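Every number here is computed from the coordinates shown, using simple stated rules; none is lab data. All figures in this text were calculated on a predicted structure; none of them were measured in a lab.
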Amino acid sequence: MKHFYTLILTFISLLYYSQVINPQTLVGKDWRLFKITSNQTEYLPPAPVNILESQMLYSNGNYYFYPRYYNSGSCAVTFTSNENSFTYQYSQFPFIYQGENSDAVNAYDTRMLDFYRLYVGQKYNYEYLVETNAEYLTITNPVGDKMFFRNTDLLSTTETGNLAFKVYPNPVQKILKIQGQERITSIAITDVSGKLVKQQKFDSKNPEINVESLAPDVYYLKINDNKAQKIIKK
């Protein structure tokens, strides 16, 4: 009997995960890019750019996806009828960022745009997930690289970066201390290119993170997915 129930639960799980998502579910929402994985390496958007929202639009019977970071692309999307996948035709709107950390920002833009423009006409898969206060969209390209988006309309005040955090000492040699008005649940550190070099989960208003293993350099610290701030490892 136990084996029978296990089979039933497995069948229900497979049925759930094989469910085809109606593309209209993705339309008209602000999808904010928060991570790219390439060759099993994670890349977070480098500071200090305010990330533009990507959007899926529907017009005159056609779907269009506009992936954005600082730069923008345009994809005329054709969804597959019986699975969570699509193909597209691609065009680009080239802009060059010339502010702080411009080399890293433009390199991330190139990584974001290459994710699409290198595989025009090939099949991309996508996953859609709803969690408390947020919707998530993950797109996988033909070589297995992934792009992760979050619908910012559903995020709480804590997640959208309206809270102040005190970070010290900076420059830091070993232990970096953080103080916040609300509980801090995650800390991520990237190098100037956006590559994730350290990540840790917390449940505290005053966490500490050991950065002694990092090479002396400039890094960017993201707390609870807020806008990154610069730290210096000496």
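Quick notes on this one:
- Cross-link partners for Lys123 among the lysines, with Cα-Cα distance under 17 Å and sequence neighbours closer than 8 places in the same chain left out: Lys146.
- Centre separation in Å (Cα based) which lies between the range 174-234 and the range 82-114: 26 Å
- Within straight-line reach of Lys174, meaning a Cα separation under 19 Å, sit the following aspartates and glutamates at least 8 residues removed in sequence or on another chain: Asp191, Glu208, Glu212, Asp217.
- Volume per residue of the convex hull around the Cα atoms, evaluated for the range 157-233, comes out as 75 Å³.
- Rounded to the nearest Hz, the phi-derived 3J(HN,Hα) couplings of the range 204-210 under the Karplus curve 6.51 cos²θ - 1.76 cosθ + 1.60 (θ = phi - 60°) are 7, 7, 9, x, 10, 10, 8, where x marks glycine and proline.
- Calculation over all alpha carbon pairs of the range 52-155 in 5 angstrom steps from 0 returns a P(r) of 2, 11, 21, 24, 20, 14, 6, 1, 0, 0 percent.
- All lysines inside 16 Å of Lys201 as judged from Cα atoms, apart from same-chain residues fewer than 8 positions distant: Lys177, Lys222
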